[in-house]
Amino acid sequence: MSNIPSSPWPDSTLALLSDGYEFISKRCRRYDSDLFETRLLLQKVICMQGEAAAQLFYDNDRFQRQGAMPQRVIKTLLGQGGVQGLDGEAHRRRKQMFMSLMTPEGIQDIAALTAEHWCAAIMTWENRDTVVFFEAVNDILCRASCQWAGVPLPESHVQQLTKDLVAMVEAPAALGLRHWQGRLARNRAERWLAQGVDDVRARVCPALETSAAHVMAWQRDQDGELLDRKVIAVELLNIIRPIVAIGRFIVFMALALHEYPRYRQMLQAGSEEELTWFVQEVRRFYPFFPAVAAVVKQEFVWQGYRFPQGRWVLLDLYGTDHDPRLWEQPEAFQPERFRSWKGSAFDFIPQGGGNHHQHHRCAGEWITIELMKVALRALTQEMEYAVPSQDLRFSLSQVPALPKSRFIIGNVRAKPRASRV
Ligand code: HEM
């Protein structure tokens with residue numbers, strides 16, 4: 001049995017804060033190993049990266065999710081009692097509820113709704129000198145996600161809800177005020193959605209039968225009981241919040257179009273395949289979630305290393321998507337690389353790995369790809385815009401990352417329909 005390489009420091013939390021997305025890969029390089037052991041938040045943890053590590057991490061017999069998430073993540077990003085913390089049969093049932101929404105028709109509906117909101121938004125941007133693209137895209141996605149999920153959203157509530165959803169995503173890694181704003185945002189949104197669940201159940205506000213609000217309001221657990229209204233609020237937020245979070249990838253996509261303009265022409269002609277490669281490369285190349293967490297169920301040995309029961313384990317998503325053994329020139333932005341990607345469930349994992357139905361892999365990955373394609377069509381085929389001088393840098397130590405200026409655009413013009421390719 002070999003010893004897992006371990007950090008000489010008693011705790012690496014400060015190093016995690018400064019290295020951010022590169023925390024695990026830097027140390028894996030340093031120890032010339034796919035895994036190492038350290039302490040984070042004073043707790044022992046094994047950090048791993050790469051395709052084989054991802055395959056191991058998604059073995060449901062060896063890892064569980066219960067107890068894997070720190071309270072600061074539960075109280076802001078995830079909420080209490082949601083699908084992310086479930087295991088076994090409880091997870092399978094709950095995940096099935098999410099996946100039942102991800103039908104080709106369901107995905108087509110949200111894509112069409114979002115495209116309509118893009119169209120309306122572009123017209124309003126024409127009347128403004130500049131638009132902060134991050135905020136404007138979040139607004140589009142918030143409206144579309146609530147409409148699709150069957151959650152009535154009064155106009156007066158759009159701005160507050162959008163801000164709250166962004167705050168939840170920014171809070172887990174934040175310190176001080178920004179962290180507490182995320183907790184308040186979650187409490188406010190959960191209260192509002194739980195009230196909405198009562199309305200659906202009382203048929204005061206009937207939701208479309210295929211909508212998330214309807215499906216979740218009438219979902220039963222293993223014992224045949226309706227789900228708790230607070231848990232449904234958490235799960236509805238597990239739909240609405242991440243749809244709005246796609247706005248970060250869309251901002252990075254606009255940045256990619258700006259920094260690699262040679263792709264613009266190709267995308268204007270826009271074959272479905274080429275749009276998909278571009279979207280996939282944005283998801284691989286730019287940072288979003290750095291890692292996912294689990295706990296060892298029962299002691300086992302892997303590649304000669306002992307994983308003791310109860311040990312906290314982190315799988316590096318960003319590092320695996322930039323692993324030079326898997327990706328040639330991983331630090332180059334090359335959408336064409338997806339021409340020959342074999343479609344492994346464990347080498348390209350910006351939204352987790354494994355199987356969408358059986359594992360904790362992101363339930364909304366297909367929606368993410370479709371809504372990014374809607375945005376890419378809008379950016380390349382439906383509008384013209386200028387990118388004024390601004391600070392477009394982003395830092396890999398800031399989680400979640402975003403260009404400093406949040407991407408400002410100006411001189412927006414809708415392309416006349418006839419000139420659209
Ligand atoms: C910005 C785009 C998104 C990113 C980067 C992202 C990322 C992730 C990641 C890393 C996980 C955890 C995987 C794991 O634990 O192994 C996850 C899980 C999840 N995501 Fe996403 N996601 C995105 C969009 C979405 C969308 C649009 C939805 C819903 C419409 C969604 C719903 C979920 C749900 C329900 C889970 C929990 C799945 C489970 O525990 O079984 N996500 N996502």
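The values are calculated or read from the model by the stated rules, or taken from the named source; none is laboratory data. None of the values given here were measured: they were computed from a predicted structure. Ideal geometry is used to build each Cβ from the backbone, glycine not excepted, and the neighbour counts take in all protein chains shown. For accessibility, only protein heavy atoms count, side chains too; no ligands or nucleic acids. Shrake-Rupley method; radii C 1.70, N 1.55, O 1.52, S 1.80 Å.
Points to keep in mind about this one:
- Among residues of segment 261-287 that are of a type in the set (Ser, Thr, Tyr), those with a Cβ under 6 angstrom from a residue that is within 16 Å of the ligand (Cβ to nearest atom) and modelled with pLDDT of 95 or more, sequence gap 6+ or separate chain, pair up as Tyr286/Phe252.
- Output for segment 74-93, where each listed residue is part of a loop (DSSP other than H, G, I, E, B), open to solvent by less than 30 Å² (accessible area, probe 1.4 Å) and near the ligand (Cβ under 9 Å from one of its atoms): Gly82
- As a summary of the residue check, Phe98 satisfies the conditions (1) outside any helix (DSSP H, G or I); (2) more than 30 Å from Lys404 (Cβ to Cβ); (3) of a type outside the set (Ser, Thr, Tyr) except for the one numbered (1).
- Residues that are part of a helix (DSSP H, G or I) and within 13 Å of the ligand (Cβ to nearest atom) are absent from segment 115-124.
- Residue pairs meeting the criteria (Cβ under 7 Å; at least 6 apart or on separate chains; first over 19 Å from Gln303 (Cβ atoms) and open to solvent by less than 20 Å² (accessible area, probe 1.4 Å), in segment 22-39; second at pLDDT 95 or above and assigned to a helix (DSSP H, G or I)): Phe23/Ala15; Phe23/Leu16
- Criterion violated by Arg241 - all others in (1) open to solvent by less than 40 Å² (accessible area, probe 1.4 Å); (2) more than 16 Å from the ligand (Cβ to nearest atom); (3) within 22 Å of Gly85 (Cα to Cα) satisfied: (2)
- Residue in segment 262-278 that is closer than 30 Å to Pro152 by Cβ and either outside any helix (DSSP H, G or I) or open to solvent by less than 40 Å² (accessible area, probe 1.4 Å) (or both) present: no
- Within segment 334-349, the residues that satisfy the criterion of being open to solvent by 10 Å² or more (accessible area, probe 1.4 Å) and not polar (S, T, N, Q) are Glu336, Arg337, Phe338, Arg339, Trp341, Lys342, Gly343, Ala345, Phe346, Asp347.
- Filtered residues of segment 151-186 (kept if within 16 Å of the chain's Cα centre (by Cα), at pLDDT 95 or above and of a type in the set (Gly, Ala, Ser)): Ala167, Ala171
- Among the candidates Ala68, Ala136, Ala121, residue that is in contact with a Phe, Trp or Tyr (Cβ under 8 Å, 6 or more places away or on another chain) and free of Cβ contacts under 8 Å to residues at least 40 places away in the same chain: Ala136
- If you go through segment 257-299 and keep only what is at pLDDT below 95 and of a type in the set (Ser, Thr, Tyr), you end up with just Ser271.
- Within segment 165-182, the residues that satisfy the criterion of being open to solvent by less than 40 Å² (accessible area, probe 1.4 Å) and of a type in the set (Gly, Ala, Ser) are Ala167, Ala171, Ala174, Gly182.
- Test for Val158: is it open to solvent by less than 40 Å² (accessible area, probe 1.4 Å), free of Cβ contacts under 8 Å to residues at least 24 places away in the same chain and part of a helix (DSSP H, G or I): yes
- Helices (runs of 4 or more DSSP H) enclosed by segment 11-59 - at least 2 residues per element that are within 23 Å of the chain's Cα centre (by Cα) and more than 13 Å from Leu315 (Cα to Cα): 13-19
- Gln329 within 18 Å of Asn60 (Cα to Cα), among the polar types (S, T, N, Q) and surrounded by fewer than 18 Cβ atoms within 10 Å (Cβ to Cβ): no
- Filter result for the condition that a residue is within 15 Å of the ligand (Cβ to nearest atom) and aliphatic (A, V, I, L, M), over Leu275, Leu267, Leu208, Leu227: Leu227
- When segment 298-332 is filtered for residues that are hydrophobic (A, V, I, L, M, F, W, C) and more than 21 Å from Lys26 (Cβ to Cβ), the ones remaining, listed by number, are Phe300, Val301, Trp302, Phe307.
- Given (1) in contact (Cβ under 8 Å) with a residue 60 or more places away in the chain; (2) open to solvent by 10 Å² or more (accessible area, probe 1.4 Å); (3) in a helix (DSSP H, G or I); (4) farther than 25 Å from Ala293 by Cβ, number of the condition Asp199 does not satisfy: (1)
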